[in-house]
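> Let me begin by handing over the structure; questions about it come next.
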Amino acid sequence: MPRSPQLIIPRHCIGCGLWLTSQEKWRLGCAICEAQWPDLRGEKGEMFMQERCMLTRMWTGFRLRENATLENQIHEFKYRGRRQLGLQWGRWVASVGDAPRSKLKSNRVVLVPVPLHWRRKWKRGFNQAEWIAKGVSREWGVDVYPKALIRYSHARSLTGLSMKKRQDVTASAYKMGRRRPPESSTIVLVDDVMTTGATIRSCAAVLELANHQVLGALTLALA
Ligand SMILES: [Zn+2]
């Protein structure tokens, strides 16, 4: 895992612009701004996610479209190539809750980011889910397997499709990749935004079919 140079990590609160102290350097907001975010880390977010996709453990950060600053962050990260933001947000989501490192390690937890089709990854230059997973891995001290899954059909953009149609399109889009996690591991899937939960369900089904154990999923936000 490459260490990121500290210099390119923004050192100001994304809300008010306040200078963050060195202890907070990987964080995104000052305590006052963070207190105003629609924070879904913990049991509440887990409950919301399990309504869409029933896995044992679920983690999410916030609900999209409730806070312009946060929505803008996702845009900066995904479409303007600010990978470091993904790392920081990954750490932010993973830094709360009852998932101590030792417990995750003894359960042999590994992270599998939801893959992009190679063409989209090539166009964008990176897979946003992979960068969130890198952030989570630093916080939890677990490994990331970015090539465990492959997205093989270049499905058209899902925006504008009905919920049913989205589920049909995503149902057949993934298969096992060549770099699989050890069979004894328990997998936590990682994605940027959960909408219907169909993507996570579909990836979990592919992994389980290949005899992998899926513990849960973590997303940065809920749509
Ligand atoms: Zn602030």
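The values are calculated or read from the model by the stated rules, or taken from the named source; none is laboratory data. Since we're looking at a predicted model, the values are computed, not measured. Cβ sites come from the backbone with ideal geometry, for glycine too, and all protein chains shown count toward neighbours.
> Which one of these does THR56 not meet: (1) out of contact with any Gly (no Cβ under 9 Å at 6 or more places or on another chain); (2) surrounded by fewer than 14 Cβ atoms within 10 Å (Cβ to Cβ)?
Single failed check for THR56: (1).
> Got a number for residues in segment 184-223 being more than 13 Å from the chain's Cα centre (by Cα) and of a type in the set (D, E, K, R)?
Selection size over segment 184-223: 2.
> Output the number of the condition that LEU149 fails; it satisfies all remaining conditions of (1) closer than 19 Å to LYS175 by Cα; (2) surrounded by fewer than 23 Cβ atoms within 10 Å (Cβ to Cβ); (3) hydrophobic (A, V, I, L, M, F, W, C).
(2)
> Quick one: would you say VAL112 is part of a strand (DSSP E or B), touching a helix residue (DSSP H, G or I) at 6+ places or on another chain (Cβ under 8 Å) and touching a residue at least 12 places away in the same chain (Cβ under 8 Å)?
yes
> Same structure again: Read through the list (1) of a type outside the set (A, V, I, L, M); (2) modelled with pLDDT of 85 or more; (3) surrounded by 16 or more Cβ atoms within 10 Å (Cβ to Cβ), then give the number of the only condition that LYS44 fails.
The single condition LYS44 does not satisfy is (3).
> While we're on this one: What is the number of the single condition among (1) away from the ligand (no atom under 16 Å from the Cβ); (2) more than 16 Å from GLY197 (Cβ to Cβ); (3) touching a residue at least 24 places away in the same chain (Cβ under 8 Å) that LYS44 does not meet?
(3)
> If you check GLN88 against the conditions, is it of a type in the set (S, T, N, Q) and either touching a His at 6+ places or on another chain (Cβ under 8 Å) or surrounded by 18 or more Cβ atoms within 10 Å (Cβ to Cβ) (or both)?
Criteria met by GLN88.
> Give the residue, chosen from GLY61, GLY90, that is at pLDDT 80 or above, more than 16 Å from the ligand (Cβ to nearest atom), part of a helix (DSSP H, G or I) and closer than 20 Å to VAL136 by Cα.
Sole residue among the options that is at pLDDT 80 or above, more than 16 Å from the ligand (Cβ to nearest atom), part of a helix (DSSP H, G or I) and closer than 20 Å to VAL136 by Cα: GLY90.
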